[in-house]
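Have a look at the structure below before the remarks.
A short reminder: the numbers here are calculations on the coordinates, not readings from a lab. Quantities reported herein were computed from a predicted structural model and do not represent experimental measurements. Positions of Cβ are backbone-derived with ideal geometry, glycine not excepted, and every protein chain shown enters the neighbour counts.
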C-alpha cells in the first residue's frame, strides 16, 4: 500500500483534533457540578473513620476474631472447583518407590603386574575410587569387583549386558 498525500493530511488532522480535545478536556473545561449522593457517603457497617455526627461508634474489641485455620492438614471441600459437571479426578498418584542403584558399566580394563585401571561409566578408576554408590574393591583381568553400599560385593564383567554382567 502506498501512502498518498491525502492519507498524510487526514492522519495529521486527526492528530491535531485529538491534541485539541485533550487540552480542552483536561485544562480548559470548567469543572462539572458534582451531585451529592448521600447514600454513597454512608459507611456500610458502623463508623470506620473519624467519628461522625450521629454515627454509632464500634469498639474494636467487640469484633469477633476470624476462625482458626489448620495449616497442618490439607483443605477439604465438598467438590473440586476445577472439575466441570460430572467429571471426576480418578488419576492415580505415582507411588514413590525406592530405585535400585544404577549398576556401573565397565568398558575397558588395563591389567598388568604393576598397575590395574578400568574405564567405568566413562571415567578411569583404580582400586578404592568411588563410582556412583559403589566403591571399586578390586580389578581382575575380565571384571571389576565393586563394594556395594549394603556391604556386599558386586562383580561386573567387561562389555557385559543384562544378567551376565553381574555376579554377586
At a threshold of 8 angstrom on Cα-Cα distance, excluding pairs fewer than six apart, so keeping six or more, what relative contact order does segment 106-167 reach in percent? 25
Label-point separation (nm) for residue 19 and residue 103, each offset 7 Å from Cα along Cα-to-Cβ? 8.2
Exposure-ranked with fewest Cβ neighbours within 10 Å first, 124, 3, 119 stand as 3, 124, 119
For 23, 120, 158, what's the fewest-to-most ordering of other Cβ within 10 Å of each Cβ? 23, 158, 120
